[in-house]
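A short write-up of the structure that comes next.
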Amino acid sequence: MSPHRSCPMVSTPDNTGGTADRIVAIAATLFAEHGYHGLSMRALAAAVGLNVATIHYHISSKQELYRMVFRRLAEREHAVIAAHTRHVSDDDIAHPATLLRRLYALVDALVDLTIEQPETPRLWLRRWLEQDESPAAIEAEVSLPLYDMALDLLERAQTAGTIRSSGVDLRMMLTGFIWILYGYFAGSPLDTSGARVDPMHPEQVAAFKRFLHAYTARMLGLPDEHGEP
């Protein structure tokens, strides 16, 4: 959408942390739809129901608002990943089946979080398309700490010899996982006729989780749910 076109009013509860929080929540939806350059502060102000001066009173600049949107998403992602990685013991890591159950739980939690935050895949896809022009350093601030938590767990398992897949690039494997996760929700799966189906439908979500389980197990050389390598 052109920056000069107006955006429709977006309805968001006003009792979830104040005006600044409401601005960030609505901006997340609009940045996901229009991208960084496609959303003007005037259009955002119209959607929030405030004037531009009031927006700037609460948020110093458009660039800072953009960063705040990604920080807010990353806070929940950090909590989810930390909950599933920080307390994995050496004994858990030493047993492939136990480790895999831990990883499956993390996979399922990330899928569920993406369903709860449907703007996340579109925000990142827009971000990647605009990476040469939109504000820099977002990846270093919000993405790398998330990757590093998961990477640390996988590297522990690799050092312990539990991950048997030789030559696997663990960082690339995690990057591929994110591409699959966000691509599924942003693009939607296709049925046998080529029509797009609802990625949020419970049966589709269950099938997608099974696929991600298989991807994780096979990339890492771990036994699947049926005990096969």
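Identify, from the list ASP112, ASP108, ASP90, the residue that is farther than 25 Å from ASP198 by Cβ and not hydrophobic (A, V, I, L, M, F, W, C).
Criteria check complete, one pass: ASP90.
Going by the structure shown, is VAL168 closer than 25 Å to THR29 by Cα, touching a residue at least 40 places away in the same chain (Cβ under 8 Å) and surrounded by 12 or more Cβ atoms within 10 Å (Cβ to Cβ)?
Answer is no for this residue.
Tell me the helices (runs of 4 or more DSSP H) entirely within region 1-118 that contain at least 1 residues that are modelled with pLDDT of 95 or more and farther than 21 Å from LEU212 by Cα.
Those helices (runs of 4 or more DSSP H) span 19-34, 41-48, 62-85, 90-94.
Just a yes or no: is a residue in region 114-122 surrounded by fewer than 19 Cβ atoms within 10 Å (Cβ to Cβ) and hydrophobic (A, V, I, L, M, F, W, C)?
Yes, because at least one residue in region 114-122 is surrounded by fewer than 19 Cβ atoms within 10 Å (Cβ to Cβ) and hydrophobic (A, V, I, L, M, F, W, C).
Could you pull out the residue among ALA140, ALA207, ALA186, ALA214 that is touching a residue at least 60 places away in the same chain (Cβ under 8 Å) and not in a loop (DSSP other than H, G, I, E, B)? Steps first, please.
Details: ALA140 fails: touching a residue at least 60 places away in the same chain (Cβ under 8 Å); ALA207 fails: touching a residue at least 60 places away in the same chain (Cβ under 8 Å); ALA214 fails: touching a residue at least 60 places away in the same chain (Cβ under 8 Å).
Unique residue meeting the criteria: ALA186.
Can you name the residue in region 143-167 that is in a helix (DSSP H, G or I) and of a type in the set (Gly, Ala, Ser) and is also modelled with the lowest pLDDT among such residues?
Per the criteria, the residue is SER143.
The values are calculated or read from the model by the stated rules, or taken from the named source; none is laboratory data. Here the structure is a predicted model, which is why all the values come from computation and not from measurement. Cβ coordinates were reconstructed from backbone atoms using ideal geometry, including for glycine residues, and neighbour counts include every protein chain displayed.
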